[in-house]
Amino acid sequence: MRLAIFDLDNTLIAGDSDHAWGEFLVEQGAVDPLEYRTANDRFHQDYINETLDLDAYLRFSLAPLASHSRGQLAAWHQHFMASVIEPIILPRAEELLARHRANGDYLLIITATNRFITGPIAERLGVDDLIAIEVEEIEGRYTGNPTGVPSFREGKITRLEQWLEAHDMSLEDAFFYSDSRNDLPLLKQVDHPVAVDPDEHLRAYAEKAGWRIMSLRDPI
């Protein structure tokens, strides 16, 4: 079975779910509004600039999960899905997923955003599986710590290799769709790399390499 792999943020959805969740927490009064928003924006810009301190960011972004009950987090996430995520799901992205599904491809999202945020989004999009940053749990509560190899930059390759071995699958004839220069390591590994509404750096690389460039943001 052929793999169709997708980045999530700014690829299948018109925004960054990790940053949006931070904004949502501010709006819910779950975190200090000024301090948290300032840090959230700074880390987001660092990601764009390829200067992100991933360990520092994960300590920051996962901390709220340890501060609230699973019930409260679930209620917030349900509201987050309805009010923030649903409006930014791209119709053309859903069309792309449907075409790959109709072709019998296995649909896999791989994202540097944590599973708590992205699990329900992947389910809503109807993909077959999800590789995301995993969050440690002890006795039914999140600890605020990541676990395993973070699926970020080269870490996406490591996590994907582990997944391929566990599922007895390969990258033969695989597609990977992404918007971000941070995904160049994985884009270079597949037979069909596709730059989707790419950032300036990725667009320049894709043009030079002769990769397909497409937009999912055009209206249907």
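The values are calculated or read from the model by the stated rules, or taken from the named source; none is laboratory data. Only a predicted model underlies this, so the values are computations on that prediction, with no experimental measurement involved. Reconstructed Cβ throughout: ideal geometry from the backbone, glycine too, with neighbour counts over all protein chains shown. Quick note on the areas: whole protein, heavy atoms, side chains included, nothing else; ligands and nucleic acids left out. Shrake-Rupley method; radii C 1.70, N 1.55, O 1.52, S 1.80 Å.
Worth a mention:
- Comparing Gly155, Gly104, Phe116 along the charge dipole axis of segment 67-191, the residue lying farthest to the positive side is Phe116, per the Cβ-charge model.
- A Cβ-based charge dipole, computed about the Cα centre of the chain with Lys and Arg at +1 and Asp and Glu at -1, lands at about 220 debye.
- Normalised contact order of segment 72-220, rounded percent, pairs of Cα under 8 Å and 6 or more residues apart: 16
- You can think of it this way: the chain between Glu50 and Ala98 has 14.1 nm of extra reach, that is 0.36 nm per residue less the Cα-Cα gap.
- Per residue value of the accessible surface for segment 20-168 (all protein chains in place, 1.4 Å probe), Å²: 49
- Test item: Cα-centred dipole of segment 59-138, Lys/Arg +1 and Asp/Glu -1 on Cβ, debye: 180
- DSSP bridge orientation in the chain - percent antiparallel, rounded to nearest 5: 20
- Think of it as helices only: each DSSP H run of n ≥ 4 in the chain is worth -39500 (n - 2.57), and spread over all residues that comes to -14000 deg cm²/dmol at 222 nm.
- Between the listed residues Leu52, Gln28, Thr11, the Cα displaced farthest toward the positive end of the dipole of segment 1-104, a dipole computed from Cβ unit charges relative to the Cα centre, is found at Thr11.
- Considering only Ala75, Ala14, Ala206, the mean-square fluctuation computed in a Gaussian network model of the chain, springs between alpha carbons under 10 angstrom, is largest for Ala75.
- Overall form of segment 97-158 per C-alpha gyration tensor (a/c, 1.5; a/b vs b/c): oblate
- Student exercise, segment 156-201 dipole from Lys, Arg, Asp, Glu Cβ charges, in Debye to nearest 20: 160
- Rounded to 5, the percent of DSSP beta bridges in segment 82-182 classed as antiparallel: 50
- Note on the chain: with a GNM built from Cα contacts shorter than 10 Å, the maximum mean-square fluctuation among Arg115, Arg59, Arg181 falls on Arg59.
- Separation of alpha-carbon centers, segment 142-220 and segment 9-27, rounded to whole Å: 19
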